[in-house]
């Protein structure tokens with residue numbers, strides 16, 4: 001096979017290619033297109049004082065209540081005409097007066113019994129005095145009889161008298177001795193008789209005091225200024241011992257048991273942990289309240305009525321100490337002074353018992369704190385938190401964080417940010433580290449800085 005005619009093809013192809021290269025139009029200079037930038041919302045990270053707050057809910061209750069329980073029975077003679085549920089009574093006001101006729105009779109009877117017992121004691125004392133005087137006479141008579149007996153016995157010994165005279169003198173002495181002994185026995189009984197009458201007198205005096213106390217208990221007065229929350233008696237009604245006539249709520253102060261999840265209260269403890277020193281043996285509920293008060297934690301009771309929002313400063317009083325069996329919440333009791341006094345200048349109405357309120361606990365501001373919106377937090381595959389930042393060249397960067405507790409809509413940052421960084425609030429899609437950004441200041445962030 002002759003291949004020589006084909007050998008001309010390579011030079012021919014090279015010639016054609018060279019001709020095309022020499023005759024083609026030279027390309028113009030091409031400008032490289034500008035890199036696309038992703039518009040994102042950013043906010044500047046600044047150090048600022050931060051206060052932790054947590055909100056609990058509960059109902060307003062009286063700081064103390066009192067029930068008027070009948071201690072005596074009888075018919076109610078009088079009730080103040082304006083006494084009704086919801087009315088205000090002052091300390092010492094008479095609420096009920098119970099008929100005391102039976103107790104007056106008992107007092108008079110006790111007084112009569114006391115007079116009789118005292119008369120009997122006086123009579124015995126006079127008898128004792130008379131018996132002692134009689135005993136003195138009888139003893140003197142006995143002395144004379146003894147001397148006569150001794151004289152007759154001496155005569156009988158000398159034969160100057162008879163035995164009959166001696167027997168007569170002896171009988172006289174024995175009779176007189178018996179009289180003396182009888183009087184001595186009588187005098188010995190007087191102390192026991194007087195003691196018995198004094199015991200009877202003590203019983204009668206106790207009956208008198210009991211009757212007088214019953215008369216005192218028949219008048220029921222208010223122990224403090226308060227509002228009547230319930231009344232169960234009226235004039236002419238017969239009541240028995242133990243009947244509840246009225247309930248009274250103290251209006252000098254009100255208490256609210258705010259129900260809060262223990263985990264929700266952690267930001268408060270975290271924010272004050274550097275300001276107080278906890279005891280080494282632990283903190284009981286009473287100690288926790290003392291530590292929070294010392295650290296400056298405040299409480300405020302709030303009520304919303306439509307567009308109106310009212311608040312009252314409150315004092316931390318105590319913790320319930322146990323978790324609610326149904327909601328697993330802890331109860332913190334706060335107290336509001338003078339809740340029934342309205343203050344128009346503060347746009348504050350009365351705080352009545354039974355109102356459903358919120359209680360806001362706030363820690364003192366901690367200077368130099370850094371927070372970021374919780375919505376700006378991101379988490380990697382291992383669950384470690386981080387945020388996106390816009391660096392000095394407006395490119396996307398990533399910063400791992402040490403995140404603390406949440407405070408409202410923000411999270412407290414313990415490490416990873418120092419202030420001055422620009423936090424990316426938007427979600428870059430897809431997030432490519434180093435990609436160009438077009439930062440736009442967030443109006444919400446500007447408002448927070450102001």
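Read the figures in this text as sums done on the coordinates, not as results from a lab. From a predicted model like this one, the values you see are computed outputs, not experimental measurements. Quick reminder, even Gly has a Cβ in these numbers, built from the backbone with ideal geometry, and neighbours come from all protein chains shown.
Summary table
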item: Contour excess over end-to-end distance, with Cα ends at residue 77 and residue 440 and 0.36 nm allotted per residue; result: 122.5 nm
item: Identified option (computed P(r) over Cα pairs in 20 Å bins from 0, in percent; candidates (1) 15, 22, 18, 14, 12, 9, 5, 3, 1, 1, 0; (2) 26, 58, 15, 0; (3) 20, 38, 27, 13, 2, 0); result: (1)
item: Within the stretch 173-208: backbone nitrogen closer than 15 Å to the residue 153 label point (7 Å, Cα to C-beta); result: 173-175, 177
item: Between helix 9-23 and the chain: long-axis angle, C-alpha atoms, 0 to 90°, nearest 10; result: 70
item: Residue exposure sequence - 429, 353, 196 - by fewest surrounding Cβ within 10 Å; result: 429, 196, 353
item: Whole-number percent relative contact order across the chain, with pairs defined as alpha carbons under 8 Å at least 6 apart; result: 28
item: Within the stretch 249-268: backbone nitrogen closer than 16 Å to the residue 360 label point (7 Å, Cα to C-beta); result: 268
item: Percentage relative contact order, the stretch 38-157, counting C-alpha pairs under 8 Å, at least six apart; result: 17
item: Over the stretch 102-215, relative contact order from alpha-carbon pairs under 8 Å, at least 6 apart, %; result: 55
item: Cα-projected label distance for residue 66 with residue 235, points at 7 Å along beta-carbon direction, nm; result: 2.4
item: Overall form of the stretch 102-215 per C-alpha gyration tensor (a/c, 1.5; a/b vs b/c); result: prolate
item: Pairwise FRET efficiency - residue 104 versus residue 309, Cβ, R0 = 41 Å, nearest 0.05; result: 0.10
item: Euclidean distance between Cα centres, the stretch 161-179 to the stretch 96-114, Å; result: 62
item: Between the stretch 61-77 and the stretch 363-420, the Cα center-to-center distance that results, in Å; result: 61
item: Degrees separating the helix 163-217 axis from the principal Cα axis of the chain, which is the longest one; result: 30
item: Ranked by how many other beta carbons lie within 10 Å on average, peptides 288-295, 359-366 from highest; result: 359-366, 288-295
item: Rounded tilt (10° steps) of 101-158 against the dominant C-alpha axis of the chain; result: 40
item: Inter-probe distance in nm under a simple model that places probes 7 Å from Cα toward Cβ, at residue 192 and residue 144; result: 3.3
item: Inter-label distance, nm, simple model (7 Å from Cα along the C-beta direction), residue 318/residue 399; result: 4.7
item: Expected 222 nm ellipticity per residue - DSSP helices of 4 or more, -39500 (n - 2.57), all of the chain, to 500; result: -12000 deg cm²/dmol
